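Here is the structure we will look at, set down as structure tokens.
The values are calculated or read from the model by the stated rules, or taken from the named source; none is laboratory data. The shown structure was predicted, so the numbers you read here are calculated from the model rather than taken from an experiment. Ideal geometry is used to build each Cβ from the backbone, glycine not excepted, and the neighbour counts take in all protein chains shown.
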Amino acid sequence: MILRYIQRLPGKADYILPALLLAAALLIGGLSLLPETASLHVSGYVVSLFGKYLCYALLALSVDLVWGYAGILSLGHGAFFALGGYAMGMYLMRQIGARGVYGNALLPDFMVFLNWHDLPWYWYGFDHFIFAVVMMALVPGLLAFAFGYLAFRSRVSGVYLSIITQALTYALMLAFFRNDMGFGGNNGLTDFKDLLGANLQSDGTHAGLMLASAILLCVFYLLCRALIRSRFGKVLVAVRDAESRTRFLGYRVERYKLTVFVFSAVMAGFAGALYVPQVGIINPSEFAPANSIEAVIWVAVGGRGSLVGAIIGAILVNFAKTVFTGAFPELWLFALGGLFVLVTLFLPRGFVGLWAQLRSRWADHQTKKREGISKGDASERRGEMPEGKLEVGE
Amino acid sequence: MQLLRKLLPLAFCLLLCGQAWRAASADAIDDAAAGFGSSSYADIEQTVAALAVSGDPAAAPILQALGDGQLMVTDDHHLFIQADDGSFTDARTHQKVATDAAADARPVKVNNKVRRAIAAAMGQLTLLSPDAAQRRAAADSVFHDPNPARLPLLDSAIAKESDSGIKRRLEQARAAILLSDTATSPADRLAAIAVLAERGDQDARALISASMTSSDPAVAAAATTAVKRIDLTLSLWSGAQSVYYGLSLGSVLLLAAIGLAITFGVMGVINMAHGEMVMLGAYTTFVVQDLVRLYAPDLADYSLLPAVPIAFLVSGLVGLVIERSIIRFLYGRPLETLLATFGLSLVLQQAIRTIFGASNREVTNPSWMSGSFDLGGLVLTYNRLWIIVFAFAVFAGILLLLSRTPLGLQMRAVTQNRRMAASMGIRTEWVDSLTFGFGSGIAGIAGVALSQIDNVSPNLGQSYIIDSFMVVVFGGVGNLWGTLVGALSLGVANKILEPVAGAVLGKIVVLVLLVLFIQRRPRGLFPLKGRAVES
């Protein structure tokens, strides 16, 4: 089915980015395996860093799918990312076995520390990789389904949806901070040893994980691309641009929204799952609302409503973050905050849309010059402000 | 040697009897002086006990001095108290004496056993003290450390006591002793349970519940009913206390959310930097406090009063600048506004962190806001009470401004029908800016209040922003009364769930319930009705 979509696609330009990413991943991965003395050797740190960017790019892709194409601004996608990460973290914890500090083969270290004697039921099955993979998709997916079903059915949309998604991830963060939740509390899950038998400290595993992230990103990119070019995707864009009208035309808007929301959550879950072994830790601060909003800004920087833009934005902003926090740590938040403001004010379509924006501005300029129109549009726009929202009881 | 050691206590007992005999005729202080002259710790300990029983007014300072190691005794049995500066006072007359009069004085020896005896003796002595507050404290200390040995003294204290409140406490202390003594008769136990049941607090419950397993069925039954009764009253009081805490939290939420209700509810602008306006207000309070301390230290207690208008101006001006420079370009694009203001909040936080440092800044409570008072079983702290009052005052002020002033009229006109308002000659752009600045200024005022109960740190605003949005959405956007009801009910719900589910879980439950509530009623508790809503 996927193949059929791909065959139908016109143009090959869209394949350039995934091809480039794969090539870069292969190159970096290959260079990291060179002996350390080689002049072209790349350190494991760089490999993990690039792998991290790729996971962020996948998260950005999932945010872009719901925000850019369905108009759902989720400020809680970090929650799905973190849940996927926890699923992977639980599997990795079980792989530690008796090699923990307490040497307990049955329980992870933090449970021994908390004086627990049995494994909680929700940890059952995480010894098996396949089960863990299923959970990486299932847990974020189910949460997104339950949440989306309730929200879209009662037509919660716009900023209200944004705010309650933020509350959702905030509530999860508070919950995971609790020790008796059984997910390691404040410290989260860490001290991982190996994944599928491969030592997580070795360069080979780093390269493999980074490559896996690149491949997964490309696969999801192609899936999303097929999705938005299908009939389904066209309806999504219609929902984004005129929800009521689409509903009146007979489409079950909430089903479209729910489907894409769940799919996007699963994507974010996988991104988190690949992120955890590469950074070596998952803790509740991944649920912080600020993280989710940061993911949104990657999309905004790259270009909302453009899959390539989301990927580029995520990599670009995170690269800038690495550079900044290394060189002038105290300036990073200024830069990030400034980025939020400048992009929303001056780059509504992001860097990817910059060229088109400039061209249309130029074209506008030309027409205006010819027709002599200068003012008038600005005040029209103000009329869009929500009206009639003040009630003062007397 | 062994024999001597065994005989010694006997000898002291005899000696003590002799002293008691003499106490009737001679002075208790003289006897004490003789006893303290001894080089044996056991002797000194006995003397302490004897002194306590004497009830002599000079006994307390002597024991105090003994405990502090300042009691001196001469070979001819004179007691002196040496002050910190080395001067001597006569222990009996409290007159200063020449240093050479006490030339051969040596300190009375004290070991841990003697210190324990001193502590017990002090507790007993103060039971008979002429100072009512001291007697009350002594009664409470006996209650918390029921020792059957004190029963005779307690009885005499009860007989002498004229203050009915203290007498009740003394009787409760007596009941506590009776209940914790295994030798007490069932009849005494029943009486004691009745006395303690009347007291009805957690301590009384603990004492009574020990008797629930008594072998005497009448005592056990009485204890069980008493415990049940105490549990009921206790749960009522703790419920009331939760409501008070809830109201206090609710008024904090109200303060934090009311500015948001104006910018978000009235203008439709999602201001994620609202929390930072609150933070700015808190830092303004800190700066004002430091300035007042520097230039007018006498008025330091009242530095909060100028802080309120200054915080309003600072946050309001920052809000005005934000509106002019950023938000006005984003009207009608709420999602973009959200992102831009979030970026702004990061910048503001970092700016404050750069200027003031990342650590908490200390804003002290003025004296009129610290402390607490009891109301029945409730403990009401003054700072919480003031914040409740303050929140309601601010709320009333905003209502008045919106309904009674020209600016309020213009604000309502612009938000209800922008074009019509513009046609009537209202400068809508100015009204937008002023409304936003006003909402931000209110946030600054909230910061003044929050600086009294929370840490003043760059992250202050973040901890309130989600709660504030929840309040506004829960109450119904664009409705100030809804914000009031929303804030108070969320506050009370949080605090009532807290003892049941724990602080964090309680908060999670409230958040989840809220999310579910919004699903059911997307427009909040008090939705606006009419066509204008569907814009």
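General observations
- If you go through segment B:196-227 and keep only what is within 21 Å of B:A137 (Cα to Cα) and at pLDDT 80 or above, you end up with nothing.
- Among the residues of segment B:381-391, the one identified as touching a strand residue (DSSP E or B) at 6+ places or on another chain (Cβ under 7 Å) and in a helix (DSSP H, G or I) is B:Y382.
- Condition met for B:V394 (within 32 Å of the chain's Cα centre (by Cα), more than 14 Å from chain A (Cβ to nearest Cβ) and assigned to a loop (DSSP other than H, G, I, E, B)): no
- Taking the criterion of being of a type outside the set (V, I, T) and outside any helix (DSSP H, G or I), the residues of segment B:181-226 that qualify are B:D181, B:A183, B:S185, B:G200, B:D201, B:S214, B:S215, B:D216.
- The number of residues in segment B:337-346 being at the interface with another protein chain (Cβ under 7 Å from one of its Cβ atoms) and either touching a residue at least 40 places away in the same chain (Cβ under 8 Å) or within 13 Å of B:N271 (Cβ to Cβ) (or both) comes to 6.
- Among the residues making up segment B:487-510, a single one is without any contact (Cβ under 8 Å) to a residue 12 or more places away in the chain and surrounded by 18 or more Cβ atoms within 10 Å (Cβ to Cβ): B:I508.
- The number of residues in segment B:367-380 being touching a strand residue (DSSP E or B) at 6+ places or on another chain (Cβ under 7 Å) and either within 22 Å of B:S489 (Cβ to Cβ) or not assigned by TED's automatic domain parsing to the domain that holds B:L249 (or both) comes to 1.
- Residue list for segment A:155-175, restricted to those being more than 7 Å from chain B (Cβ to nearest Cβ), part of a helix (DSSP H, G or I) and among the polar types (S, T, N, Q): A:T165, A:T169
- Flag for A:R178 being in contact with a helix residue (DSSP H, G or I) (Cβ under 8 Å, 6 or more places away or on another chain), surrounded by fewer than 18 Cβ atoms within 10 Å (Cβ to Cβ), within 10 Å of another protein chain (Cβ to nearest Cβ) and closer than 26 Å to B:V504 by Cβ: yes
- Taken over segment A:145-154, the criterion of being within 7 Å of another protein chain (Cβ to nearest Cβ) and assigned to a helix (DSSP H, G or I) is satisfied by A:L150, A:A151.
- Remark: pairs (first residue in segment B:431-455, surrounded by 24 or more Cβ atoms within 10 Å (Cβ to Cβ); second residue among the aromatic types (F, W, Y); Cβ separation under 8 Å; 6+ apart in sequence or on different chains) = B:G441/B:F312; B:I442/B:F312; B:G444/B:F312; B:I445/B:F312; B:G447/B:Y283; B:A449/B:F390; B:L450/B:Y464; B:S451/B:F286.
- Condition met for A:E294 (modelled with pLDDT under 85 and either part of a helix (DSSP H, G or I) or at the interface with chain B (Cβ under 9 Å from one of its Cβ atoms) (or both)): no
- Only one of the numbered conditions (1) farther than 20 Å from B:V448 by Cβ; (2) more than 14 Å from every other protein chain (Cβ to nearest Cβ) is not met by B:L385, and that is (1).
- Any hit, segment B:401-414, residues being over 22 Å from B:S489 (Cβ atoms), among the small types (G, A, S) and in a loop (DSSP other than H, G, I, E, B): no
- For segment B:506-532, the set of residues classified as facing chain A (nearest Cβ under 7 Å), modelled with pLDDT under 70 and not in a loop (DSSP other than H, G, I, E, B) consists of B:A532 only.
- Failed item, numbered, when B:T93 is tested on (1) within 30 Å of B:K160 (Cα to Cα); (2) surrounded by 16 or more Cβ atoms within 10 Å (Cβ to Cβ); (3) of a type in the set (S, T, Y): (2)
- Options A:L27, A:L22, A:L114, A:L107: the member that is farther than 30 Å from A:Y221 by Cα and either surrounded by fewer than 16 Cβ atoms within 10 Å (Cβ to Cβ) or of a type in the set (K, R) (or both): A:L114
- Selection status of A:Y122, more than 14 Å from every other protein chain (Cβ to nearest Cβ) and surrounded by fewer than 19 Cβ atoms within 10 Å (Cβ to Cβ): yes
- Residue match in segment B:92-112 (condition: among the polar types (S, T, N, Q), farther than 23 Å from B:A34 by Cα and at pLDDT below 80): no
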